[in-house]
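Asker: One structure is given below, represented as structure tokens, and several questions about it will come after.
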Amino acid sequence: MQNTGLAGLSRKESEVFLRLDSGRLPKHIAIIMDGNGRWAKRRHLPRIAGHRRGADSVRDVVQTAARIKIPWLTLFAFSVENLKRRPKVETDFLMALLRRYLKQEVPMLNDFNVRLNFIGRTHELPQTVQARMAWALEQTGKNTGTLMTIALNYGARTELVDCFQSILATASRNGGLSHLEIDEEMIARNLYTGSLPDPDLVIRTSGEMRLSNFLLWQLAYAEIYVTQTLWPDFDGTHFLEAIGEYQKRERRYGGLNESSAHA
Ligand code: FPP
């Protein structure tokens, strides 16, 4: 990318960024990265070619997010269902791609002051992948910019199951269930995303109007932005355009807007 614009943004990105209200950027953006397979199919390539290009889009988007100082970026990489239901040759490739991605990209993540984080049942992933993840966490652990969370072997329903089990385990260690009082704050704290605020904006690429078991609790009030662009074609400019759409929305959290409140 040519970095001729603002804060290292490309010229095209700068044009979109200048139209944004920089005081009202979303703090936490979640992305359902979809369409790698379709991208490859349209080009008569194997699906894995789409995943490979998808990893390039991850790099582009995280750099743009870091440049405009988005504090939290959460990416849905592999669901519990992806790992169970896809052919082994594809899931093996995805695991190898992740291992390679982490090794190659850690220096770039450090240059951009990005700290990595993972959510999901990551203990079920192959040992070699877990070892690389632990290494990448350690290598980026001191960075203070964007926190990039990658959801791996993630499902929102399994997250809720794990959350309730963790609440029960803590309660039984602390004298039993009779004093247990569950409230929303306790549930939020025991989710994998315990220390993160809820996303303000969720982006889904490739046109499907679904949440696909992603952050179901945390997305309760998020603005949803769906684009037809397939993930391998999605870049920093598309990311900024999604933020532009977000800024056109009015967030009410179940309340009233200004004019209705005084009517
Ligand atoms: C969805 O496309 C994508 C995936 C299941 C894998 C996501 C992986 C990447 C974006 C690349 C690697 C990620 C990291 C973090 C290095 P799909 O295969 O479901 O596409 P389709 O719906 O068109 O078949």
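Asker: Report the net charge of residues surrounding Gln247, where surrounding means a beta-carbon distance below 11 angstrom and charges are Lys +1, Arg +1, Asp -1, Glu -1.
Answerer: Residues near Gln247 contribute -1 overall.
Asker: Then there's this: Using the structure shown, select from Lys12/Lys103; Lys12/Lys142; Lys27/Lys103; Lys103/Lys142 the pairs with a Cα to Cα distance greater than 22 angstrom.
Answerer: Lys12/Lys103; Lys12/Lys142; Lys27/Lys103
Asker: With Rg and the Kirkwood Rh both taken from Cα atoms, where does Rg over Rh land for the range 1-144?
Answerer: Rg/Rh: 0.98.
Asker: Follow-up question, since we're still on this one. Counting only Cα, what are the radius of gyration and maximum Cα-Cα distance Dmax of the chain, in Å?
Answerer: Over the chain's Cα set, Rg and Dmax evaluate to 19.4, 62 Å.
Asker: I've got another one for you. Exactly which trypsin sites (Lys or Arg not before Pro) in the range 120-219 are in a DSSP loop and have at most 13 other Cβ atoms within 10 Å?
Answerer: The qualifying sites are Lys142, Arg210.
Asker: Tell me, what is the FRET efficiency for Ser22 and Ile224 to the nearest 0.05, using R0 = 22 angstrom and their Cβ-Cβ distance as r?
Answerer: Step by step, r from the Cβ atoms, then E = 0.45.
Asker: What's the longest bit of the chain with no exposed GluC sites (Glu not before Pro), using DSSP loop states and at most 14 other Cβ atoms within 10 Å as the test?
Answerer: 1-180
Asker: Identify which of Phe118, Phe164, Phe234 has the largest mean-square fluctuation in a Gaussian network model of the chain, with springs joining Cα atoms closer than 10 Å.
Answerer: The residue that fluctuates most here is Phe164.
Taken together, the values in this text are just the output of simple stated rules run on the coordinates, not laboratory data. This one's a predicted model, so the numbers in the text were calculated from it and none came from an experiment. Note that each Cβ is placed from the backbone with ideal geometry, even for glycine, and that neighbours are counted across all protein chains shown.
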